[in-house]
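Nothing in this text is a laboratory measurement; each read-out follows from the coordinates by a stated rule. Keep in mind the model is a prediction, meaning the values are calculated, not measured. Cβ: placed from backbone, ideal geometry, glycine included. Neighbour counts: every protein chain shown.
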Amino acid sequence: MDSHGGHYLNKDAVLSPLGAARICQLVLGCTIMALVSHGAGYSANYGIFCMFVWCFCFAVTLVVFTLDITRLHTCMPISWDNFTVAFAMLATLMYITASVVYPVYFLETDDPVEDADAHIYRIVVTICSSICIFPYGVEVFLTRAKPGAVVGYMATVSGLLKVVQGFVACIIFGALENDSEYNLYIATQYCVVVYSLCFAITVIVVVLTVSGRTSALKFPFDRFVVVYTFFAVILYLSTTLIWPIFSFDKKYGNTTRPEVCPRGQCPWDSKLVVAVFTHVNLVLYFIDLIYSQRIRFVSSSAA
């Protein structure tokens, strides 16, 4: 018992629906890592990425669960609620990506010498990874903003969209790095500058919110978020016009996928991924702009 008569350990961290969701995350994450290490295997950049996702999410979830059950998170100089909901949203997106990437590159194989046991392990890994999406999604659902409740910014629709926007930008950067030939034209280089600028400011918004330092800005945080989101919509709108022209117009590139273009090493594929997710982020920023009009901050701590 502490000096105020309460328990040292937080029973709600285990017995609540949120605690049950985190326990499921840990059990499934541990199972996935064990299966991959034992028999499923992973290789190349795609396999390393998937293994990183599973290890990273398991490690952070374990830390969150431990700090919550011991109440030690109250000693940390961060906004705990903002941090946990932002991580849950990020983990949901990362698990969705890994659950798509892993079977594409490790189940759809024509290797005749592939071990049958390894194939079964990979199927189980894919199933467990897909199931683990739901506990993280449940955590986001449980901790998101409720009507009339005072919550942190990251629990709002606008805050959650910031995490999605940053994650989509990372996908764009990955495609750009994968031989997208973006350095051929000044116009496509401009698009890269837009992606980088919007991503950097989005990360700053998330970091300020999670660290509880939004009051460090010399102007209202909600005003800053709305103004930045407006300009992000304008900038992304310009890239949705410029990138496809300089990537798929017959004057600058190929209108259709070349016949000789190996999967995973095809510039046309990378350009297509960038084009698709550029439009996705435009829609996300536009929705964010609409919802950010409805946010009213009660205090800096709530931000």
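One table, with the values for the structure above:
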| read-out | value |
| --- | --- |
| Cα coordinate range in the chain, projected on the principal axes (Å, largest first) | 73, 56, 27 |
| Per-residue Cβ neighbour rank within 10 angstrom, fewest leading, THR156, THR70, THR239 | THR70, THR156, THR239 |
| Segment 28-74 versus segment 191-208: alpha-carbon centroid distance in Å | 27 |
| Computed FRET value (nearest 0.05) for LEU197 with VAL283, which takes r as the C-beta separation and R₀ as 30 Å | 0.95 |
| Contour minus Cα-Cα distance for SER37 and ALA216 (0.36 nm per residue) | 59.9 nm |
| Charge sum, other residues only, whose C-beta stays under 10 Å from MET89's C-beta, Lys/Arg counted +1 and Asp/Glu -1 | +1 |
| Point-to-point label distance, ASN183-TYR8, nm (Cα→Cβ direction, 7 Å offset) | 5.7 |
| Mean projected area (nm²) of the alpha-carbon convex hull when segment 1-143 is viewed from all directions | 9.5 |
| Virtual spin-label span in nm between LEU237 and ILE131, 7 Å along Cα→Cβ | 4.7 |
| Lone cysteines, the chain (no partner Cβ under 4.7 Å) | CYS24, CYS30, CYS50, CYS55, CYS57, CYS75, CYS128, CYS132, CYS170, CYS191, CYS198 |
| Expected 222 nm ellipticity per residue - DSSP helices of 4 or more, -39500 (n - 2.57), all of the chain, to 500 | -23500 deg cm²/dmol |
| Relative contact order [Cα under 8 Å, 6+ residues apart], the chain, whole percent | 21 |
| Extended-chain gain in nm, criterion 0.36 nm per residue less alpha-carbon gap, LEU15 and ALA44 | 6.4 nm |
| Separation in nanometres of the label points that stand 7 Å from Cα toward Cβ, at LYS250 and CYS170 | 4.0 |
| q = 0.20 Å⁻¹, segment 1-77: log10 I(q)/I(0) [Debye, one scatterer per Cα] | -0.88 |
